[in-house]
Number of protein chains: 2
Amino acid sequence: MSKMKTLQQYASEMYKIPVSLYKNNRLRLIERLEKATTVPDNSFVLLQGGCDENDYCSDNERLFRQESYFKWTFGVREPEFFGAIDLKQKKSILFAPRLPADYAIWMGKIQPLSHFKDVYGVDEIYYTDELKKVFREKNASLLYLLYGQNSDSKSFSKPAHFEGIEEFKVEKETLHKEITECRVFKSPEEIEIYRYTNKISAEAHKECMKACKPGMYEFQLESVFRHTCFVKGGLRLLSFTPIVGSGYNSATLHYGHAGAPNDKMIEDGDMMLLDMGGEYECYTSDQTISFPANGKFTEAQREVHGTVLAMRNAVEAAMKPGVTWFEMADLAYRVMCEHLLKFDFCRNGTVDDLMKVGMGKVFQPHGLGHLMGMNTHDVGGFNDGSKRSELYPALRSTRELKPGMIFTCEPGMYFIDHLLDAALANPEQAKYLNAEKVNRFRGFGGCRMEDDLVITETGAENLTHLPRTQEEIEEFMKH
Amino acid sequence: MSKMKTLQQYASEMYKIPVSLYKNNRLRLIERLEKATTVPDNSFVLLQGGCDENDYCSDNERLFRQESYFKWTFGVREPEFFGAIDLKQKKSILFAPRLPADYAIWMGKIQPLSHFKDVYGVDEIYYTDELKKVFREKNASLLYLLYGQNSDSKSFSKPAHFEGIEEFKVEKETLHKEITECRVFKSPEEIEIYRYTNKISAEAHKECMKACKPGMYEFQLESVFRHTCFVKGGLRLLSFTPIVGSGYNSATLHYGHAGAPNDKMIEDGDMMLLDMGGEYECYTSDQTISFPANGKFTEAQREVHGTVLAMRNAVEAAMKPGVTWFEMADLAYRVMCEHLLKFDFCRNGTVDDLMKVGMGKVFQPHGLGHLMGMNTHDVGGFNDGSKRSELYPALRSTRELKPGMIFTCEPGMYFIDHLLDAALANPEQAKYLNAEKVNRFRGFGGCRMEDDLVITETGAENLTHLPRTQEEIEEFMKH
Ligand SMILES: [Mn+2]
Ligand SMILES: [Mn+2]
């Protein structure tokens, strides 16, 4: 137990990202582009970083979070930057905003350009108002810009733009696919950071398990999580809005948003579902724990939790290079169906019968997991040309697993009125459902377990270390 | 001391805003509009609430924060709403987004329209796709839309827009000024919430004072603040990005942003400056404390802190209806100049001499304070036709103080190289400066004290209760 550590000790143990990580990312990108296309002399990758934004018409500046492609390539923390890579010379160039004199009063020391060159380890540095001039001087023959669709949001990335870019030849077909593929495969240095974000986030989840008591608001656990991530690990931002669902709320998959802000009071007997992860310099984590609010499983909770644990164990044992994420999803549903029969939620059929009518999706409507990286739902789910599954359309990837990928494995089981009603009204599914038992579980909520796993040469390394069995959870919550 | 309270006790004491508050706000707005203009029959105020947003091209949904004008008028927590007021009938109408069926799986129960009618206490409720239909049926003669400039950001508010609005007569001249003026004057129910945000934020600042130790990172105090606000008071959002400056960073007025993320290690002997405030349902707070990192003032710190305390005490004793904020700023600088002479930062002149050459602005370049409300730097600073001061251009208001206004009073004193260099190079100012002493303070950083005060009939009520004198601070930090 680390409870006696002082805040100074935590401060001394916080992770520092080596600047070589970004250099290596850029080299990986250059290599991929050279394989993918014929890179002309004097051609450049050009990326635009994120910009500052205010809340509506007010002067309240939002806390800036860097755009992920830009962050992956250059590591820059500050807004309003551009970055370029001279592909043949293998040289990196940053463009920093020219700051007004009163920046020094309000925002801090105006650093000389050399400061950013040192901090981010690039070869050259200029001001953003010199973009046109620099590319002219370098006789830029081609600018590779980022343009492509995100398979989760369906949004398109915004290609870099500066005044005068019209006079240069640009190309928007190649970069998005290749840099996305680079992001899919994590370098050893990157995996080290995911170990860190996972370690800190797991510590924060465990603090929540210890703090949880009936009579509290759900959001008080969100606060415990945020605080632990930040004060102990320096994770200022979380990867996504925390989900802290108690009782029936544990069946709302993305609970916790402003319209449902984790504001129910936790009751004795509630099942808890906490899906949260801290991020560090845009490197995310994504973990879910489920446990009884009062620390002791009921029989009903044992059945649901036991089903999900079996799904998790089966999938994580099977994850290795060569299998596809589609197969893993299928495996998870198969294990679920076994347990639906075992616990008499379903009857009068075999696992194959249940699989045939898609019974799994009634109880787990979301995908089994997703690529994770500098976005929680990371880019590249179908970047190898694979297709979204018609059978499991919620699945965010169907790809073949390969070393260096990080997948979340997050099986769940929920009792969602809307889906139960539909299944009971569908004769194909209803004939296998034990309506009496299923109806008894309405209002139960749900259960999910989520780990982050990096694919290795021979299997998968689970980065998420949390109490998972019912014995471990009950034992942990005694303290 | 409240340290033995459990999280359940905090949960049971959290504030609930009565829905009558928003009803009353709407009545105040109707009244003002009727005074300001000839309101025709079947005319409506129409406001559009804030929308959901993702980070860049990803599917990461940002935690939604409602637009302040909309929140003030309708209290709505959820994104994508519209709201209207039938001015003659004095009736309120909300328009809620029509949610897709799978919202129930991902985001929570799809509430019937009647739910929002009850929760927000409005007279009528429709879907946003019915806006045109509803205004047609009501024979809308005129829609008052929100359009006007924010005096702090210089940005313009975005008038409500829906498909088909072209067929209605709209008016954008009147509403912004009148609703802004309503926001300037806080109702008793609103003041009650500011008491609450101030109480919780002060408790959080005090936790920071207790937790502060050399060897910690500044941001660990940010985390303590955030956590205390949220876990004890339910303040999920802060009013602005926390400023936790130690040593020389305490002179960077808006330190803490992504480019300077409170990440210096606190050192023994540092002066600390923490400017943070929690918000509740968009009602903000804004408090600054300054104290020695090790709990014991040095002589240098005593002089700077003592100067700022004297400025604060003088202004807060003088704040009352009838005086102007310009006069208060002038008073603060006058007290500062007295102390510049007293502590020998300046010599060879009188207070009047120093005032004449604007010596105060060398040491306090920011305004004395600002209107506070549903934005930290609240709207309305010059809404009564007053003008930005040429003498003190950083001053966010010059208005006459009136009951119901909330002003922050935040005098400060800083040693900013950039400004000291300029003053020492300016013969007008240099002749009064004790260069040797001033130069000795370079790197000291600065000191600021910020309270939130509501103007009463006879004076001002300070909502911010914190240890302020050097004795109080040293005594408090012993524990
Ligand atoms: Mn996930
Ligand atoms: Mn302020």
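The values are calculated or read from the model by the stated rules, or taken from the named source; none is laboratory data. The shown structure was predicted, so the numbers you read here are calculated from the model rather than taken from an experiment. Neighbour counts run over all protein chains shown; Cβ positions are idealised from the backbone, glycine included. The accessibility values were calculated without ligands, DNA or RNA, using every heavy atom of the protein model including side chains. Shrake-Rupley method; radii C 1.70, N 1.55, O 1.52, S 1.80 Å.
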Starting from the residue with the highest accessible area, list A:Tyr56, A:Tyr126 in decreasing order, probe 1.4 Å. A:Tyr56, A:Tyr126
Want the number for B:Lys402 to B:Thr38: 0.36 nm per residue separation, take away the alpha-carbon distance, what's left? 128.4 nm
Using protein chains only (no ligands, no nucleic acids) and a 1.4 Å probe, work out which residues of region A:5-22 have their accessible area cut by at least 10 Å² relative to the chain alone. A:Leu7, A:Gln8, A:Ala11, A:Met14, A:Lys16
Work out, step by step, the length gained on full extension between B:Val323 and B:Thr469: first 0.36 nm times the residue separation, then minus their alpha carbon distance; give nm to one decimal. 49.9 nm
Please work out the C-alpha center-to-center distance from region B:336-380 to region A:214-228 and express it in whole Å. 42
How far is helix A:20-36 tilted, in degrees, relative to the longest principal axis of the Cα atoms in chain A, given as a value from 0 to 90 rounded to the nearest 10? 90
Using only Cα atoms and rounding to the nearest 10 degrees, what angle (0 to 90) does helix B:325-342 make with the longest principal axis of chain B? 20
Under a crude label model (7 Å from the Cα following the beta-carbon direction), how far is B:Val170 from A:Lys109 in nanometres? 4.9
Are there any GluC sites (Glu not before Pro) in region B:164-206 that are in a DSSP loop and have at most 15 other Cβ atoms within 10 Å? List them by number. B:Glu173
Give the residues of region A:1-45 whose amide nitrogen is closer than 19 Å to a point set 7 Å from the Cα of A:Ser187 in the direction of its Cβ. A:15-36, A:45
Tell me the label-point distance for the pair B:Ala435, B:Val119, using the 7 Å Cα-to-Cβ offset, in nm and rounded to one decimal. 6.5
Leaving ligands, DNA and RNA out of it, report the carbon-plus-sulfur percent of the accessible area of region A:108-247 at a 1.4 Å probe. 50
Applying the Karplus parametrisation 6.51 cos²θ - 1.76 cosθ + 1.60 with θ = phi - 60° to the phi angles of region A:464-479, what ³J(HN,Hα) value in whole Hz is obtained for each residue in order, glycine and proline being reported as x? 9, 10, 9, x, 10, 6, 5, 5, 4, 5, 4, 5, 5, 7, 5, 8
Find how many whole Å separate the alpha carbon centroid of region B:387-419 from the alpha carbon centroid of region A:1-48. 43
Sparsely packed GluC sites (Glu not before Pro) within region B:415-474, loop by DSSP, other Cβ within 10 Å at most 10: B:Glu457
Estimated buried accessible area (total), pair A and B, 1.4 Å, Å² to nearest 100: 6200
Point me to the residue of chain A whose C-beta lies closest to the A-onto-B rotation axis, rounding the distance to whole angstrom. A:His227, 2
Starting from a label point 7 Å past Cα on the Cβ side, list the distances from B:Leu391 to the same position in the other copies, nm, shortest first. 8.0
Just to confirm the number: angle between the C-alpha axis of helix B:188-211 and the first principal axis of chain B, 0 to 90 degrees, nearest 10? 40
Kindly flag which residue pairs out of A:Lys264/A:Lys320; A:Lys264/A:Lys296; B:Lys16/B:Lys109; B:Lys91/B:Lys169; A:Lys109/A:Lys154; B:Lys199/B:Lys402 have an alpha-carbon separation exceeding 30 Å in this structure. A:Lys264/A:Lys320; A:Lys109/A:Lys154
Among the listed pairs B:Lys90/B:Lys387; A:Lys138/A:Lys158; B:Lys232/B:Lys478, which have their C-alpha atoms separated by more than 28 angstrom in this model? B:Lys90/B:Lys387
Find every distance from the label point of B:Pro403 to the corresponding label point in the other copies (7 Å from Cα along Cα→Cβ) and write them in nm, one decimal, shortest first. 7.8
Between B:Asp52 and A:Asp263, what FRET efficiency follows from the Cβ-Cβ distance if R0 is 25 Å, with the result rounded to 0.05? 0.85
Assign unit charges at the C-beta atoms only (+1 for Lys and Arg, -1 for Asp and Glu), then state the dipole size of the protein assembly as shown relative to its Cα centre in Debye, rounded to the nearest 20. 360
Quick one: with label points 7 Å out along Cα→Cβ, list the inter-copy distances for A:Ile17 in nm, shortest first? 3.6
Chain lengthening between A:Ala300 and A:Asp352 when straightened (0.36 nm per residue, less Cα-Cα): 16.2 nm
Could you go through region A:343-360 in sequence order and give the Karplus-derived ³J(HN,Hα) for each residue, using 6.51 cos²θ - 1.76 cosθ + 1.60 with θ = phi - 60°, rounded to whole Hz, and x for Gly and Pro? 9, 6, 5, 10, 7, 6, x, 9, 4, 4, 4, 5, 4, 4, 9, x, 4, x
For B:Lys132, list the aspartates and glutamates whose Cα falls under 20 Å from its own Cα; do not include residues on the same chain fewer than 8 positions away. B:Asp41, B:Glu80, B:Asp86, B:Asp123, B:Glu124, B:Glu163, B:Glu166, B:Glu167, B:Glu171
What is the calculated FRET efficiency for B:Lys387 to A:Glu461, with r their C-beta to C-beta distance and R₀ = 56 Å, to the nearest 0.05? 0.30
Calc'd 3J(HN,Hα), region A:410-420, phi into Karplus 6.51 cos²θ - 1.76 cosθ + 1.60 (θ = phi - 60°), Hz, glycine/Pro = x, comes to 9, x, x, 8, 9, 10, 10, 3, 3, 7, 5
Enumerate the amide H contacts of A:Asp59 below 5 Å, restricted to partners 5 or more residues apart or on another chain; note that Pro and chain-start residues carry no placed amide H. B:Ser153
Roughly what would the spin-label model give for B:Asn426 and A:Ile17, points 7 Å off Cα along C-beta, in nm? 4.1
